[in-house]
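For reference, the structure discussed in these notes is given below.
The values are calculated or read from the model by the stated rules, or taken from the named source; none is laboratory data. Predicted, not measured: the structure shown is a model, and the values here were computed from it. When we count neighbours, we look across all protein chains shown, and the Cβ atoms used for this are built from the backbone with ideal geometry, even at glycine. All accessible areas refer to the heavy atoms of the entire protein, side chains included, with ligands and DNA or RNA removed. Shrake-Rupley method; radii C 1.70, N 1.55, O 1.52, S 1.80 Å.
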Amino acid sequence: MGLSAAGMASGLDIAGMTQQLVAAERKPKADRITTQQKQVNVSLSAYGQVKSSVSAMQSMLEKFGKDEAFNGQKATSDNSDYLSIKATAKAKSGVYNINIQQMAQSHKLMGEELFSADPEASLGSGEMVIKVGDKSMTLNIGEDNDDLSSVVDAINNADDNPGVTATLINTGKDGGSQIVFSTTETGKDNTIEIDTSAMTGQLASLAYKEGMADSKVDQMQAAQDAKIMIDNFTTVTSSNNTFEDVIEGVTLDLKKLTGTSGSENPETDDIDVKFVKITIESDEESTKDSLKSFVDSYNSLMGTIDKLTGFDADKDPDDPNRAGALNGDSLTRSVTTQMRNLLNEPIEINGKLYQMSDFGISIQRDGTLELEEDSDKLDDIISENFAVIGQFFAQEDSGFLAKADKLLDSFTDKTDGSLSVKEETLKERQKSLDDDMTELNKRMVAYEDRTYKQFLAMDEAIGQMNNQLSSMMSLMMSFD
């Protein structure tokens with residue numbers, strides 16, 4: 001409310017007196033709420049940092065699991081122009097020679113007749129049945145869709161299209177365009193058959209079946225599987241140009257044919273590259289990098305926690321940085337304690353117990369990790385224990401990655417993770433304090449209004465007393 005500068009009767013600074021009383025009443029309560037708000041905000045920020053660091057490590061460990069970081073296999077092709085290769089952890093080390101004898105092809109047909117592109121031209125009517133492999137569709141062609149463009153759209157847009165695409169080739173000849181049919185998938189089983197026995201008009205000329213006499217549809221390209229020979233001994237086929245798990249854990253992507261010798265086919269006999277050599281071996285360098293990343297990530301987490309929970313006795317007691325925001329916090333200590341316990345927990349592999357120290361990782365007195373600094377020694381450790389390292393970290397359910405993910409999830413889970421629950425509790429406390437401050441402000445407005453009115457009443461009373469005193473003085477003076 002607006003306050004006047006002074007009392008009319010008493011001459012007192014009513015506004016100033018009111019404001020001083022309100023300030024004196026408000027200050028201890030507001031200071032208490034503000035102090036608590038600052039404490040909550042600092043704690044909320046600190047827990048956010050801890051949770052972020054824990055989540056970052058959890059994400060890295062999850063990525064390790066997906067990428068098979070500790071037991072990966074490295075696969076190389078000596079000529080990626082002909083063949084590229086990928087390998088998973090299931091792949092076994094070995095060297096193979098791959099001869100690419102045949103590339104997978106889609107089936108392509110072309111109608112011999114020319115079709116008018118005139119939208120008014122009627123090309124025929126009735127049912128056209130198109131089959132690809134063991135799938136088929138039936139198109140009903142009538143007056144509304146018997147022109148060339150509509151027929152092609154009907155084929156391509158059919159909901160039950162079995163995997164065929166119709167396109168038009170403008171030959172430049174009088175009479176219009178030729179229709180080309182091609183399968184969307186490669187492989188010898190994806191062959192096209194077209195039944196137009198129930199059709200009339202020019203569209204009836206599109207009938208096709210392998211071996212059909214007097215067909216007016218030409219085969220431009222035969223449906224064909226890809227075919228490779230491994231080590232000049234084993235022949236394998238695929239409906240497409242990708243071979244998965246023909247060699248366990250390996251994916252081969254064919255690019256083009258390799259050469260032949262004495263086949264009397266100039267197209268392949270003249271190719272100098274007769275086979276592609278592929279090599280599969282343990283990816284020890286990747287494992288080494290993963291161990292380094294794991295140690296760095298863990299130490300980063302411990303560094304964040306140490307900063308937030310630390311205490312520096314050498315600093316002045318009044319220094320706000322003497323103690324971390326979470327100094328003495330049991331929840332944060334629980335993160336470090338449980339992680340250290342997990343690091344010291346042995347994991348059984350093939351009847352034998354292994355620990356981090358077996359793979360060049362040692363736990364320091366301050367709780368951080370250290371990786372064997374001698375690169376040659378670390379290489380020897382990885383080489384000697386490669387298969388075991390992979391199982392130690394990636395073993396399903398009982399491996400370190402699975403155990404660490406379960407542990408970290410107990411802190412970060414959005415629903416019942418302890419850090420998440422703590423954050424939600426602090427946010428609720430934050431809101432409660434904001435509400436307390438809002439309520440205090442409302443009370444102070446009412447208190448100010450009430451105090452000001454009391455001062456006004458006092459001012460009025462003083463004015464009345466002054467008037468009465470003045471009247472009495474005047475009366476007494478009249479007796480003289």
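Data for the structure
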{"item": "Those residues of segment 59-88 which are in contact with a Leu (Cβ under 8 Å, 6 or more places away or on another chain), farther than 20 Å from residue 256 by Cα and either in a loop (DSSP other than H, G, I, E, B) or β-branched (Val, Ile, Thr) (or both), in sequence order", "result": "70"}
{"item": "Segment 76-88, subset small (Gly, Ala, Ser) and modelled with pLDDT of 95 or more, residue nearest to the chain's Cα centre (by Cα)", "result": "84"}
{"item": "Segment 279-336, subset more than 28 Å from the chain's Cα centre (by Cα) and hydrophobic (A, V, I, L, M, F, W, C), residue nearest to residue 386 (Cα to Cα)", "result": "280"}
{"item": "Top-ranked residue in segment 202-227 [being of a type in the set (Gly, Ala, Ser) and not in a loop (DSSP other than H, G, I, E, B); ranked as most open to solvent (accessible area, probe 1.4 Å)]", "result": "204"}
{"item": "Subset of segment 228-259 [of a type in the set (S, T, N, Q), in a strand (DSSP E or B) and over 11 Å from residue 100 (Cα atoms)]", "result": "234, 238, 242, 251"}
{"item": "Filter pass, residue 190 being surrounded by fewer than 19 Cβ atoms within 10 Å (Cβ to Cβ) and assigned to a loop (DSSP other than H, G, I, E, B)", "result": "no"}
{"item": "Residue check for residue 316: among the acidic types (Asp, Glu), open to solvent by 70 Å² or more (accessible area, probe 1.4 Å) and under 30 Å from residue 40 (Cβ atoms)", "result": "yes"}
{"item": "Condition check for residue 91: part of a strand (DSSP E or B), at pLDDT 90 or above and under 31 Å from the mean Cα position of the chain (by Cα)", "result": "no"}
{"item": "Members of segment 158-187 found to be open to solvent by less than 40 Å² (accessible area, probe 1.4 Å) and not in a loop (DSSP other than H, G, I, E, B), listed by number", "result": "164, 166, 177, 178, 179, 180, 181, 182, 183"}
{"item": "Test: residue in segment 460-471 that is among the hydroxyl-bearing types (Ser, Thr, Tyr), touching a residue at least 12 places away in the same chain (Cβ under 8 Å) and either open to solvent by 100 Å² or more (accessible area, probe 1.4 Å) or farther than 29 Å from residue 47 by Cα (or both)", "result": "no"}
